[in-house]
Amino acid sequence: MAVAATLLLPDSRGGPEAAEPPAELRPAFSIDPDKRAAWLERWQKNILAELRNRYCDSAMGEEIGWLISPILTGLFYGYVATGDARWIDHLVDWTDAWIGRGVTEPDGCTGWPKVGAAGTEVDNLDSFCADSLLGEAMALRPTVLAAAAILKAPALARRYGRRATDYLALARSMFEKWDRRGVWRSAGDGMISVVLPYGIEPKTRQWTAEDYDRSDLRLGFSHPDNKANLVALWLLAMTEATGDPSYRERAAAWFRLMKSRLHLQADGTFAIWNYWEPAGPWDYRASGRPKHWVGVHPKAGYYEIDVMAMVTAFRHGVVFTARDVERLIRTANATGRLWPALAPYDAAIRSRFEHALMPGGWEGLVLVPWYLALQMAPPAQTEL
C-alpha cells in the first residue's frame, strides 16, 4: 500500500529561522483548467469508491493510520480544493465511526488496541495487544486540521462545531496519554518517539506488566524516521489547530534529531539517510548490536514521508530552513527521486510529479486534492 498518501499541504507562516522563503521556494504555479477538471472527476470517483470500504468501522492500532488517515486527508483537502461541504460530511462520518470504537484501557485512557499494532517484530513487540501512537497520530492529524477549518467556517460551525471541539479535546487527551506513558525520549539534542514492550492482557484486561518501568532506558524501540516524522507532523497540526506552543516544541525536538541525520556532500546534495538509526541505549541488544539493521531502505515511499515532514517543518519555521529545502530539491533531481512535497517549489520535480500522478490510484486520494488546493487558497492558509 502506498505511503505517500499521508501528504498534507505546506504551511507558510514561517518563523525566525525561515521567516520569508526566497521567491523560488514559494508555491507559484498554475494548472490547466481542463486537467484540473479531469483530475477532480477521477478523484471523486476514486474516493467515493474507497468510502464504501468503511475502514473506519474496523481498523485498529497502526492500521488506523495506514487505512483511515489517507481517506480523512483526501476528504479534508477535497473540501479545501472545491469548497464542497459534502467532503466534510463524509469526514465527520468516518471520524465519528473510528473514534466511537475506542476502548478504555487499564490506565483509564482511550485506545484502539490490537495484536501487531507495533508494526515490528523487534523485541516481540507485535506479540502485544496494544494501541499505536503512530496510528492515532496519523488519523488525528487530518481530524484536527478539519476541526480547525470547521470552527472557522460559520456554516460548518453551526452544523459540526460541537464535534470539532470534541475532536480537538480528544487529540489533546491522546497527546497527554502518550506523554504520560513516556514514549518520547531525549536523544542527542532532540527527542524521538519509541514503542514500549507492554500491552493489554486479553483475559484480565490489565497491562501485561503492571510493574513495567517506563523510565528504564534499556527497554523500548525507536521509531524509524518515517514514523517519527508522521508523529511530529501531528504535533505541528496540533500547533496549527490549537495555538499551543508546547506541541511545536515537541515536534522541533524530533526535527533537530532528524536534521542531524542528514549529511551534506561536496556537490550540495544530501546523502540518502538511513531508514532507522539507534537513538539511545534502548536500541541496542545486550550484545551491543543494534536491534535493527542500519541503512537506506528500498521503499521510496518512506523517504517521501521524510521529505514531506521536513518541508512542512520549514513552512512552520521549525528547524529546517530554505537552504535545507534547496538541498533537498538538488538531492531529488540528482538522484531521480520523486518527492511530491517539493513539486510546488521546483519546475523539474513539478513536471515529473504531474506526469506520474494517478488521480484514480491510492496515492491520488490525497495528492490530487492537496495539489489542487494550492491553487484555491493562499499558501499561508494551507499545509502539506
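Residue 246 passes all but one of (1) touching a strand residue (DSSP E or B) at 6+ places or on another chain (Cβ under 7 Å); (2) open to solvent by 40 Å² or more (accessible area, probe 1.4 Å); (3) among the polar types (S, T, N, Q); which number fails?
Unmet for residue 246, out of (1) touching a strand residue (DSSP E or B) at 6+ places or on another chain (Cβ under 7 Å); (2) open to solvent by 40 Å² or more (accessible area, probe 1.4 Å); (3) among the polar types (S, T, N, Q): (1).
Is there any pair with a first residue in segment 27-48 that is aromatic (Phe, Trp, Tyr) and a second that is open to solvent by 70 Å² or more (accessible area, probe 1.4 Å) whose Cβ atoms are under 8 Å apart and which are 6 or more apart or on different chains, and what are they?
none
If you take the residues of segment 152-184 that are of a type in the set (A, V, I, L, M) and over 24 Å from residue 129 (Cβ atoms), which of them is surrounded by the most Cβ atoms within 10 Å (Cβ to Cβ)?
So the residue we want is 164.
Could you tell me which of the residues 187, 209 is on the phi < 0 side of the Ramachandran plot, of a type in the set (Gly, Ala, Ser), surrounded by 12 or more Cβ atoms within 10 Å (Cβ to Cβ) and within 22 Å of the chain's Cα centre (by Cα)?
When all the criteria are applied, what remains is 187.
Can you pull out the residues in segment 187-209 that are in contact (Cβ under 8 Å) with a residue 24 or more places away in the chain and assigned to a loop (DSSP other than H, G, I, E, B)?
If the condition is that a residue be in contact (Cβ under 8 Å) with a residue 24 or more places away in the chain and assigned to a loop (DSSP other than H, G, I, E, B), then 188, 189, 196, 197, 198, 199, 201, 202, 205, 206, 208 are the ones that fit.
Could you list, ordered by first residue, the pairs with Cβ atoms under 6 Å in which the first is in segment 93-118 and over 21 Å from residue 207 (Cβ atoms) and the second is exposed (fewer than 15 other Cβ atoms within 10 Å of the Cβ) and not β-branched (Val, Ile, Thr), at least 6 apart or interchain?
Close Cβ pairs satisfying both conditions: 97/57.
Among the numbered conditions (1) farther than 30 Å from residue 317 by Cα; (2) modelled with pLDDT of 95 or more; (3) crowded, with 18+ Cβ neighbours inside 10 Å, tell me where residue 197 comes up short.
The number of the failed condition is (2).
Which one of 300, 286 is without any contact (Cβ under 8 Å) to a residue 12 or more places away in the chain and either within 17 Å of the chain's Cα centre (by Cα) or more than 28 Å from residue 249 (Cβ to Cβ) (or both)?
When all the criteria are applied, what remains is 286.
Tell me which residues, restricted to segment 210-259, are outside any helix (DSSP H, G or I) and polar (S, T, N, Q).
Scanning segment 210-259 gives 215, 222.
Identify, by number, the condition in (1) open to solvent by 20 Å² or more (accessible area, probe 1.4 Å); (2) β-branched (Val, Ile, Thr); (3) farther than 27 Å from residue 69 by Cα that residue 296 doesn't meet.
(3)
Hey, can you tell me all the residues within segment 339-367 that are surrounded by 18 or more Cβ atoms within 10 Å (Cβ to Cβ) and touching a Lys or Arg at 6+ places or on another chain (Cβ under 8 Å)?
Matches in segment 339-367: 343, 344, 345, 359, 364.
Within segment 253-306, can you find the residues that are within 24 Å of residue 343 (Cα to Cα), in contact with a Pro (Cβ under 7 Å, 6 or more places away or on another chain) and aromatic (Phe, Trp, Tyr)?
275 - this is the single residue of segment 253-306 that is within 24 Å of residue 343 (Cα to Cα), in contact with a Pro (Cβ under 7 Å, 6 or more places away or on another chain) and aromatic (Phe, Trp, Tyr).
Within segment 181-231, can you find the residues that are under 30 Å from residue 298 (Cα atoms) and among the small types (Gly, Ala, Ser)?
Within segment 181-231, 186, 187, 188, 190, 193, 220, 222, 228 meet the criteria.
The values are calculated or read from the model by the stated rules, or taken from the named source; none is laboratory data. Predicted, not measured: the structure shown is a model, and the values here were computed from it. We place every Cβ from the backbone using ideal geometry, glycine too, and count neighbours over all the protein chains shown. Each accessible area value is taken on the protein alone, full model and side chains, heavy atoms only, with ligands, DNA and RNA left out. Shrake-Rupley method; radii C 1.70, N 1.55, O 1.52, S 1.80 Å.
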